[in-house]
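The values are calculated or read from the model by the stated rules, or taken from the named source; none is laboratory data. Computed from a predicted structure; not experimentally measured. Note: ideal-geometry Cβ built from the backbone for every residue, glycine included; neighbour counts use all protein chains shown.
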Amino acid sequence: MLRDHLKIDKSHTLEKVNHIQLRHQGQEEISEFIVKDAGGNPIGKVSVYDHLSTRRSYPTSYRVTQTDMAGRVVVDTLREVL
C-alpha cells in the first residue's frame, strides 16, 4: 500500500489530483496526490512514477516522491512493488 512508504499520520488523507501518461520520458504513468491533515488542509504532495525504464541496472517499477508544501523532499524511494 502506498501509505506504507510515506511519512504521514493515520489521520492524514491522500486525495488523487492528477494522472498523466508520458511515453516519451522513460515512464508511462505519473499519479499525483495531495496529502491533507485531519482538518482537510493540504500539507504536502506525493508523486508515484509507474513503469520506470527497464534500462536501469537495478530492478524497480515505482518511484515514490513525497514533498511538503514548501517543496522540500520528505521521501524519495524506489520500490519494486507498492
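Things worth noting here:
- Members of segment 10-23 found to be part of a loop (DSSP other than H, G, I, E, B), modelled with pLDDT of 80 or more and exposed (fewer than 12 other Cβ atoms within 10 Å of the Cβ), listed by number: Lys10, Ser11
- Pair list, Cβ under 6 Å, 6 or more apart: segment 67-82 residue more than 15 Å from Lys7 (Cβ to Cβ), other residue polar (S, T, N, Q) and surrounded by 12 or more Cβ atoms within 10 Å (Cβ to Cβ): Leu78/Thr60; Glu80/Thr60; Glu80/Ser61
- Here Gly44, Gly26 are screened, and the one residue that is at pLDDT below 90 and small (Gly, Ala, Ser) is Gly26.
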